[in-house]
Amino acid sequence: MLKVGLTGGIGAGKSEVSRLLVECGAVLIDADRIAREVVAPGTPGLAAVVDAFGEDVLAADGSLDRPRLGSVVFADPEKLAVLNSIVHPLVGARSRELEAAAAEDSVVVHDVPLLTENGLAPLYDLVIVVDASPGTQLDRLVRRRGMTEEDARARMAAQATREQRREIADIVIDNDVPLDALERRVKDVWAELVRRARASRRAPRE
């Protein structure tokens, strides 16, 4: 099994890269999706979030109002740290369960938005960083996701810098490019991942 960490700043296009890797044959473990699951209605995770931030972060149907919670925590590093201390251990435990269920010869891609911020690079055989310029990120967040520019900038500022992400990268995928160019780059990266996975299986065990 080759364990790959995939990360990138908000709006960099990491989700598109993860989709393309799955098309190539990767087993995807999506930390964002798991983060939603562990705070679903009725879970201990949601109860802990409400205990920390109050019932104002709940929607009318009892689910977590993620935009409202985001507006609270992304402008306040201390509150963001509290939220992370609740959610990250739950996400980590579920991710390990899913990885253990994958076939031994799989290329397992962990899509982890805060990989850099949480110092998780050593957990993976290699790290892929999806990179885009801050201007591209801002444009995508405002134009495609409907964020205000102020909210988008706050989300970007709450994450690691572009330089910090690139420092931990074994492979960088430039996503300031058209989709067809991105597809070609991901296919090249996939070929490299398969090569490394095969090499690791041939390596003698100590």
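The values are calculated or read from the model by the stated rules, or taken from the named source; none is laboratory data. Predicted, not measured: the structure shown is a model, and the values here were computed from it. Note that each Cβ is placed from the backbone with ideal geometry, even for glycine, and that neighbours are counted across all protein chains shown. SASA here: full protein model, heavy atoms, side chains in, ligands and nucleic acids out. Shrake-Rupley method; radii C 1.70, N 1.55, O 1.52, S 1.80 Å.
Miscellaneous remarks
- Max mean-square fluctuation residue, GNM over the chain, Cα-Cα springs under 10 Å, options A52, A158, A12: A52
- The range 1-75 - percent of accessible surface contributed by carbon and sulfur, probe 1.4 Å: 51 percent
- Heavy-atom accessible surface of the chain, averaged per residue, reaches 55 Å², computed with a 1.4 Å probe.
- The lysines whose alpha-carbon is closer than 27 Å to the alpha-carbon of K187, local same-chain residues fewer than 8 away aside, are K3, K14.
- Residues I168, I10, ordered by accessible area of protein heavy atoms at a 1.4 angstrom probe radius and largest first, appear as I168, I10.
- Normalised by the number of residues in the chain, the mean separation of alpha-carbon contacts (under 8 Å, six or more apart) gives a relative contact order of 37 percent.
- With every protein chain in place, the range 112-155: carbon and sulfur % of accessible area (1.4 Å): 50 percent
- Helix 44-53 vs. the chain, principal-axis angle (Cα, 0 to 90°, nearest 10): 50 degrees
- Extension reserve of the A103-D125 stretch, reckoned as 0.36 nm per residue once the Cα distance is removed: 6.3 nm
- The alpha-carbon atoms of the range 33-149 define a convex hull whose volume equals 145 cubic angstrom per residue.
- GluC sites (Glu not before Pro) within the range 89-131: DSSP coil, no more than 10 neighbouring Cβ in 10 Å: E104
- Across the chain, the longest run free of exposed loop sites, meaning trypsin sites (Lys or Arg not before Pro) lying outside DSSP classes H, G, I, E and B with no more than 11 other Cβ atoms within 10 Å, spans 1-143.
- In whole angstrom, the chain maps to an equivalent ellipsoid with semi-axes of 30, 22, 14, each derived as √(5λ) from the alpha carbon gyration tensor and ordered largest first.
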